[in-house]
Each structure stands twice: as C-alpha cells, then as structure tokens.
C-alpha cells in the first residue's frame, strides 16, 4: 500500500468516525429528540388537517350546540354546533403557516439589516436607531397597533409580526458579524479587493448562522403565541377562519358551560411551543457543546456550594 493510498484511507476512516460521533451526539441529545418528535407530530397534523378533519370547519348545526366530547365529536362542539376537533386541526395548520412565513421573512430581512449595520457605520446608526425605536414598544402592543392600522386580515397579521421580530434578529446578526468582521481572513479579502457584498453574504453570513438558527426556533414559538394572543384579543385572524387564538376567544364566554372549547386549543398551543423550545435548546447544545459543558459545571458548582 503506497503512502497516498494510506493517507486517503486514513482520511476516509477519520471522516466516518466524525460522522458516527455526530450521530451519537445527535441521538443522545434528549431535548433535541423529544422536541423533534413533538414537532413532527404537530407538523403531520398541519399537513394532513383536511384529511383528519371529519367535518367542515364552517358547517353550523344549532341542534348540536355544546355537545361534550364523544365518538362523533372527539373534542365536542361549540356554541354554533361546529366540530371542535376539525377546527383545532385547521387551527394548528394555520398557526404553523403563519409561524413559518413570519420566521422566514423576519430572519431574511433581519439578516440583511444586521449584516449591513455591522459592515457600514453610517447604516449602523440609521438601522439600529430604527430597531431601537421598534424595541421601545412591547411586542404585543406593537403588533396590535400595526394590525389595527392595516386591517384584520391574515396577511396583515404576518406583516405585523414580521416587523415586530426583525429588530431581534438584526441585533443578534449584528453582534456576531462585528466579531467575524475583525477576523484575519476578512482583512485579507479586503486587501485583495473583494466586493463588500461578497464578503458579507459569502463569508460573514455563514459564520453567524449558528446562533441565528437557535433564534429562529425561538421566533417561531413566540410568533405562534403572539398570533394566538392577537386572535384572542380580536385583533388577529378574523372569524370564522379557525386559528388556535380565536378558538380560545370563542370559548372564553362559555368556559363554565363547555370547557372543551378552551382546553383542547390550549393543549395544542402548549404542545407546539413546548416542542419548539425543547428543539431549540437541544439544537443549541448540539451546535455549541462547550455551552452545555459550562452549564453543567455551573449546576455542579451551585450544588456543591448550596447556591439554590
């Protein structure tokens, strides 16, 4: 066996070993596995909602008002005789769609804003002051104000939530990009006359993705919770289109008569947010094992010194 073949063989063995170690780390991460299972379950519900729903979500049957959970109506019926199970399935689907598009657009726009602010001082002062102005308002109040100005439509809810979450993404990207910008390889690219946009989007942007990916899961969870809050307050998805928030709104006046109108939508809101938070925490530990080790050391130190 020649030296070149030996080197190639050792490289292949090393790459296989690294892949197996990553797979072991991935499968041994309980938070990530549990969150992935919950999210997969919720995602399947959202995809197959039209198949899972046995009734039309808008079909009213006044004769079946406030029917408790039974074989015919698994989650019971509401004050108009509509099947709660069918409406919850479609509500999960709508919440996931809104969360996906809000997370997608806020991440893309926030990434661009953060990179431009980190690279150019003039843009930094302008863009970050706008972000500071948006941060001055509580997120739910800002979302209500934007939705009220634009009108009660689903697309307006998406626009309002995108504007709410852009500043948080931009700040994270900016802080990471400022560190990467001072690296030696960025200085060498500038010395070679590389295009600023090439430096930003081909060299700096990939190096800020690790914390951004974790932030994306947080934004997704908060988006679903905020949308539910807006719909519960009557400023979100307009009725009769079912969302988890306006299902809670419909059930709040009848909670003592028909508890199932609020319990089942609430369970699915908790389930979605729990899955996203577990997935985000597990993903953070997987992408940054050092942070997990420091966290464990801190817990051990607190136990030894009785600092709880």
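Bear in mind these aren't lab numbers, they're just calculated from the coordinates by the rules spelled out. Please read all numbers here as calculations on a predicted model, not as lab measurements. Note that each Cβ is placed from the backbone with ideal geometry, even for glycine, and that neighbours are counted across all protein chains shown.
Miscellaneous remarks
- Relative contact order for region 46-304, counting Cα pairs under 8 Å that sit 6 or more residues apart, in percent: 21
- Taking a ≥ b ≥ c as the square roots of the eigenvalues of the Cα gyration tensor, region 46-304 is classed as prolate, since a/c reaches at least 1.5 and a/b is larger than b/c.
- Exposure proxy shown here: for 222, 157, the number of other Cβ atoms within 10 Å sets the order, fewest to most, as 222, 157.
- Label-point separation in nm, residue 136 to residue 66, each point 7 Å along Cα→Cβ: 4.9
- Among 202, 244, sorting on how many other beta-carbon atoms sit within 10 Å of each Cβ, with the fewest leading, yields 202, 244.
- Sequence of 103, 27 once ranked by neighbouring C-beta atoms within 10 Å, starting from the fewest: 27, 103
- Taking label points 7 Å from Cα along the Cα-to-Cβ direction, residue 191 and residue 48 give a separation of 5.9 nm.
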